[in-house]
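Since every read-out is calculated from the coordinates, none of them should be taken as a lab result. Just so it is clear, the structure is predicted and the values come from calculations on it, not from any experiment. Note: ideal-geometry Cβ built from the backbone for every residue, glycine included; neighbour counts use all protein chains shown.
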Amino acid sequence: MAIEDTKKLIETGNIDMANSLIDAGWTLLVAANRESEGDQWTSYVLSWQAEGEPALPNLDRFEPGPAPF
C-alpha cells in the first residue's frame, strides 16, 4: 500500500500494543528511538490503510508507554 492510502495513524511506545495492531492489519510506518531528559524509548507509528473502519483490538489491556513528543 502507498502512504497516500493511510486513513488513520496511531503512535505508541508499547511494543506489545504495536504488535497487536500489526496482527490486526495495521502497517508499521516508523520505529524510532527517542530520547528526552536522559530517558530513552522506542516510538512506533502505525497506519490503517485498508477499506472500512480500523480494526482496533482491545488496547485497554496495554500500558500506554511513554508519551510522544
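May I ask for the net charge around residue 59, where only other residues with Cβ less than 14 Å from the Cβ of residue 59 are counted and Lys, Arg are +1 while Asp, Glu are -1? Write down the numbers at each step before the final one.
On the way: positive: 8, 61; negative: 11, 16, 23, 60, 63.
So the environment of residue 59 carries a net charge of -3.
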So, by mean Cβ neighbours within 10 angstrom, what's the order for 26-36, 12-22 with the highest one leading? 12-22, 26-36
Whole percent per 5 Å bin, from 0 to the bin with the longest distance: what is P(r) over all C-alpha pairs of the stretch 3-50? 5, 23, 29, 20, 12, 7, 4, 0
Given H placed on each backbone N at 1.01 Å, which residues far from residue 29 in sequence or on other chains put an amide H within less than 5 Å of it? 45, 46, 47
With θ set to phi - 60° and the Karplus curve 6.51 cos²θ - 1.76 cosθ + 1.60, what are the ³J(HN,Hα) couplings of the stretch 15-22 in order, to the nearest whole Hz, using x for Gly and Pro? 5, 5, 5, 4, 5, 5, 5, 4
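Add +1 for every Lys or Arg and -1 for every Asp or Glu among the other residues with Cβ under 12 Å from the Cβ of residue 44, and state the total.
Working: positive: 34; negative: 11, 16.
With Lys, Arg at +1 and Asp, Glu at -1, the neighbours total -1.
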